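Since the structure comes first, as structure tokens, the remarks are kept for the end.
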Amino acid sequence: LIIIQHEGGFHSVYGHNARNRVDVDEVVSKKQVIAEVGNTGRSSDYHLHFEIRKNERAVDPMKYLP
């Protein structure tokens with residue numbers, strides 16, 4: 001699981017990773033590869049679990065994506 005902290009109390013969350021390619025407290029850049037998609041837990045195939053959180057609560061990501 002990777003959680004990236006953004007300004008304004010936002011976090012983006014990326015799960016079911018086969019391999020994380022960033023370290024704890026690493027500053028990441030736009031378009032940087034942070035993980036490789038995996039098939040973990042109770043998933044039935046390779047996929048990405050993605051969330052946007054505002055003040056630690058999951059919100060509809062469609063309101064914040066371009």
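In order along the range 17-32, phi translates into HN-Hα couplings of 6, 6, 8, 7, 10, 10, 9, 4, 6, 6, 7, 10, 10, 4, 6, 6 Hz, rounded to whole numbers, per the Karplus curve 6.51 cos²θ - 1.76 cosθ + 1.60 with θ = phi - 60° and x for Gly and Pro.
Between amide H atoms placed 1.01 Å from N, distances below 5 Å from Ala35 occur with Arg21, all of them 5 or more places distant or on a separate chain. Placing +1 on each Lys and Arg Cβ and -1 on each Asp and Glu Cβ, with no other charges, gives the range 1-60 a dipole about its Cα centre of roughly 100 debye.
Distance between the pseudo-spin-label points of Tyr64 and Asp45 (7 Å out from Cα toward the beta carbon): 2.8 nm.
For the chain, the share of accessible area belonging to carbon and sulfur comes to 48 percent (1.4 Å probe, ligands and nucleic acids excluded). Applied to the range 52-66, the Karplus parametrisation 6.51 cos²θ - 1.76 cosθ + 1.60 on θ = phi - 60° returns per-residue 3J(HN,Hα) values of 10, 10, 10, 6, 6, 10, 5, 10, 5, x, 4, 6, 10, 8, x Hz, with x for Gly and Pro. Quarter the surface of the alpha carbon convex hull of the chain and you get the mean projected area, 5.1 square nanometres.
Per residue, the chain exposes 83 Å² of accessible surface when a 1.4 Å probe is rolled over the protein heavy atoms with every protein chain present.
Here's how it looks for His16: its modeled amide H is under 5 Å from those of His49, which are all 5 or more places away or on a different chain.
The values are calculated or read from the model by the stated rules, or taken from the named source; none is laboratory data. Bear in mind the structure is a predicted one, so any value in this text is a computation, not a measurement. Because the Cβ atoms are built from the backbone with ideal geometry, glycine has one as well, and the counts that use them run over all protein chains shown. All accessible areas refer to the heavy atoms of the entire protein, side chains included, with ligands and DNA or RNA removed. Shrake-Rupley method; radii C 1.70, N 1.55, O 1.52, S 1.80 Å.
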